[in-house]
Amino acid sequence: MRQVFRLSQLATTKDRPGLLPVSPATLWRWVNLGRFPKPFKLGVNTTVWDAQEVANFIAQQRGAST
């Protein structure tokens, strides 16, 4: 089964930490700039990201900073 993340799990808000230390607006900006994996729709109101693609993004960022 394919694991996915919702925006609320990925982005950080003032009330709740996310997997990434960026706001929802920054995450969407990165998607639009091609810097972050594109999400896909599970339904009309449900947008998700593939967990493996997110893990690959994080690993690339970690590698770039060393």
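The values are calculated or read from the model by the stated rules, or taken from the named source; none is laboratory data. Remember, predicted model here, so these are calculated numbers, not experimental data. Heads up, the Cβs are rebuilt from the backbone with ideal geometry, glycines too, and the neighbour counts pull from every protein chain shown. Calculation scope for accessible area: heavy atoms of the full protein, side chains included, ligands and nucleic acids excluded. Shrake-Rupley method; radii C 1.70, N 1.55, O 1.52, S 1.80 Å.
Quote the charge dipole size of the chain about the Cα centre in Debye, to the nearest 20; the model charges only the Cβ of Lys and Arg (+1) and of Asp and Glu (-1).
Result for the chain is approximately 80 debye, rounded to the nearest 20.
For the chain, what size does the Cα cloud have along each of its three principal axes, sorted from largest down, in whole Å?
39, 30, 23
Counting only protein heavy atoms and a 1.4 Å probe, tell me what percentage of the chain's accessible area is made up of carbon and sulfur.
55
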